[in-house]
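The values are calculated or read from the model by the stated rules, or taken from the named source; none is laboratory data. Everything numeric in this text was worked out from a predicted model, so none of it was measured. Positions of Cβ are generated from backbone atoms using ideal geometry, with glycine treated the same way; all protein chains shown enter the neighbour counts.
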Amino acid sequence: MTIAEPQPDVDTLLANRLRDAQPALWTNPARQAQPAAALPALGRSISLDDTKAAAARLDRFAGLLAQVFPELATTGGVVDSPLLPAATLVPALGLAEGQGRLFIKADHSLPVAGSIKARGGMHEVLEFAEGLALQHGLVEPGGDYRALATPAAREVLGRYQVAVGSTGNLGMSIGVVASALGFQATVHMSADAKEWKKDRLRQRGVQVVEHAGDYERAVAAGRAEATSNPLCHFVDDEQSFSLLLGYSAAALHLKNQLAEQGVAVDAEHPLIVYLPCGVGGAPAGITFGLRQVLGPHVHCFFVEPVQSPCFMVQMLAGPGEHPSVYDWGLTNRTEADGLAVPRASLLAAELMRPLLSGVFTVADDTLFALLVQVLDALGERIEPSAAAGFSGPAMLTGTTAGQAWLRSTGVDAVLHNATHLVWTTGGLLVPDAQYQGFVQRGRAVLAAQG
Ligand SMILES: *Cc1c(COP(=O)(O)O)cnc(C)c1O
């Protein structure tokens, strides 16, 4: 007589892979095709109107930004990136003929901050500046915001401080924009922040405070300092609506770019978007915007390093829990410094529950290999964090969990019409010496794979 072995259920397999720091895919059973127009998060609720308001604010400041940042003169102060066709990269990603086409949303080339953080970071600093400018009568509602570039206006803003805790890129965005507008700017950096980022900020007159601990410690230090100074605005990456809505405005631009490239998004033509995830604010803001603007046939996946899957562990947790990757025996050590976050934003997690399609993880070695493949196929320079999304198509088409998701959603039946969109989130400002080091490591990984 044989006794049937108990079959480990999928959740156990996923948990084991997660704990072993093996690439894993979680798909969201709570995703809704038709979510409510206004979604609750941290006791508030937000809708597409909030995204539009953020976009309108960025527009109001465009004239000033074009004046303050010479690199924005050509776009009239608009901060956006191109949508690039990437067919030459398809074979390297393990996508076969008939499994969809590939684009990248090239936020690695975003001006001013060199990363996706330009979107949210700029918006939050501008929202703070706008409030002060109206309060002090520096501009009229609907007036010309270029008035804020005058010495008198800068003197007023210079009484205020903007502070942030960051692994690097958010600090770069907030620090550079705040100091350009005349604010005192302070960036609390975690131990994993790169030296060149600190140097660059100091050159721009930003005060950099270094902390021995991780990202959470840097944020806590910044928050504490800000509480003691009434003239200080603290940009709280873990719970900021302003940051999140600044990111979400990207969806309005992308909708137009998709139309220009003739990419339809409907039941016959799904759009699958792969977004690198740190604390979750940037990918959640973009997913929120995309789901409002494009509807149920856009599927968004977050991607995290195998040692820092903070969003995945949050999505696996029960109500009221806020686990860290350390609780799972993981180290939070990764070369993808923009993604080295131990605990997810609860704002992002709550908002994503009905919207997100899934979360998956990727090994650091794979990030470097992908970074090189992107260079060779497209000539684009991205940083390791920004390579994470490129592991997405193979995760969906080449694993049991991915194939199960494709079948259960019906996407498999129309995969030949699908568009895969990989969001590349940073790279422009990486110094050449650092970048060459990334390329070397990537070539070594590829050589070892044969
Ligand atoms: C910050 C960052 C992300 C992720 O943004 P979060 O809001 O932290 O989730 C992705 N890629 C790069 C390059 C980043 O700097």
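Remarks
- The stretch 230-240 - residue that is in contact with a strand residue (DSSP E or B) (Cβ under 7 Å, 6 or more places away or on another chain) and more than 12 Å from the ligand (Cβ to nearest atom) and, of those, farthest from L346 (Cα to Cα): L231
- Criterion applied to V325, V306, V313, V273 was being of a type in the set (A, V, I, L, M, F, W, C), closer than 25 Å to S45 by Cβ and either assigned by TED's automatic domain parsing to the domain that holds H108 or in contact with a Cys (Cβ under 9 Å, 6 or more places away or on another chain) (or both), and the one residue passing it is V273.
- Among the residues listed as V422, V411, the single one being within 15 Å of the ligand (Cβ to nearest atom) and under 27 Å from Q32 (Cα atoms): V422
- Qualifying residues in the stretch 280-304 (those that are aromatic (F, W, Y) and in a strand (DSSP E or B)) - the one farthest from T27 (Cα to Cα): F302
- Residue in the stretch 310-317 that is part of a loop (DSSP other than H, G, I, E, B), over 17 Å from the mean Cα position of the chain (by Cα) and under 19 Å from T27 (Cβ atoms) present: yes
- Filter result (part of a helix (DSSP H, G or I) and within 14 Å of the ligand (Cβ to nearest atom)) within the stretch 326-339: D337, G338, L339
- Scanning the stretch 157-172 for any residue that is on the phi > 0 side of the Ramachandran plot and within 16 Å of the ligand (Cβ to nearest atom) turns up at least one such residue.
- Qualifying residue in the stretch 155-170 (condition: within 24 Å of R333 (Cα to Cα), part of a helix (DSSP H, G or I) and not polar (S, T, N, Q)): yes
- Of all residues in the stretch 300-324, those that are within 16 Å of P384 (Cβ to Cβ) have Cβ atoms under 7 Å from Cβ atoms of residues that are within 13 Å of the ligand (Cβ to nearest atom) and part of a strand (DSSP E or B), 6 or more apart or on another chain, in V303/Y274; V303/L275; V303/P276; V303/V362; E304/V359; P305/V362; V306/V362.
- Meets criteria (surrounded by fewer than 22 Cβ atoms within 10 Å (Cβ to Cβ), away from the ligand (no atom under 15 Å from the Cβ) and in the same structural domain as A340 (by TED's automatic domain parsing)) for H211: no
- Scanning the stretch 80-106 for residues that are out of contact with any strand residue (DSSP E or B) (no Cβ under 8 Å at 6 or more places or on another chain) and farther than 18 Å from E260 by Cβ yields a total of 8.
- Extreme residue, farthest from the ligand (Cβ to nearest atom), among residues of the stretch 99-113 that are modelled with pLDDT under 95 and surrounded by 21 or more Cβ atoms within 10 Å (Cβ to Cβ): V112
- Some residue of the stretch 166-176 being touching a Phe, Trp or Tyr at 6+ places or on another chain (Cβ under 8 Å) and crowded, with 19+ Cβ neighbours inside 10 Å: yes
- Of the residues making up the stretch 269-286, just one is more than 11 Å from the ligand (Cβ to nearest atom) and either of a type in the set (S, T, N, Q) or over 18 Å from N256 (Cα atoms) (or both), namely Y274.
- When we screen P23, P40, P35 for residues that are assigned to a strand (DSSP E or B), assigned by TED's automatic domain parsing to the domain that holds F390, surrounded by 12 or more Cβ atoms within 10 Å (Cβ to Cβ) and within 24 Å of the chain's Cα centre (by Cα), the only hit is P40.
- Residues that are surrounded by fewer than 19 Cβ atoms within 10 Å (Cβ to Cβ) number at least 3 in the following helices (runs of 4 or more DSSP H) confined to the stretch 385-450: 400-409, 432-449.
- Search result, residues across the stretch 246-268 that are among the aliphatic types (A, V, I, L, M) and within 13 Å of the ligand (Cβ to nearest atom): A250
- Residues satisfying the stated conditions in the stretch 295-332, i.e. among the aliphatic types (A, V, I, L, M) and surrounded by fewer than 18 Cβ atoms within 10 Å (Cβ to Cβ): L316, A317
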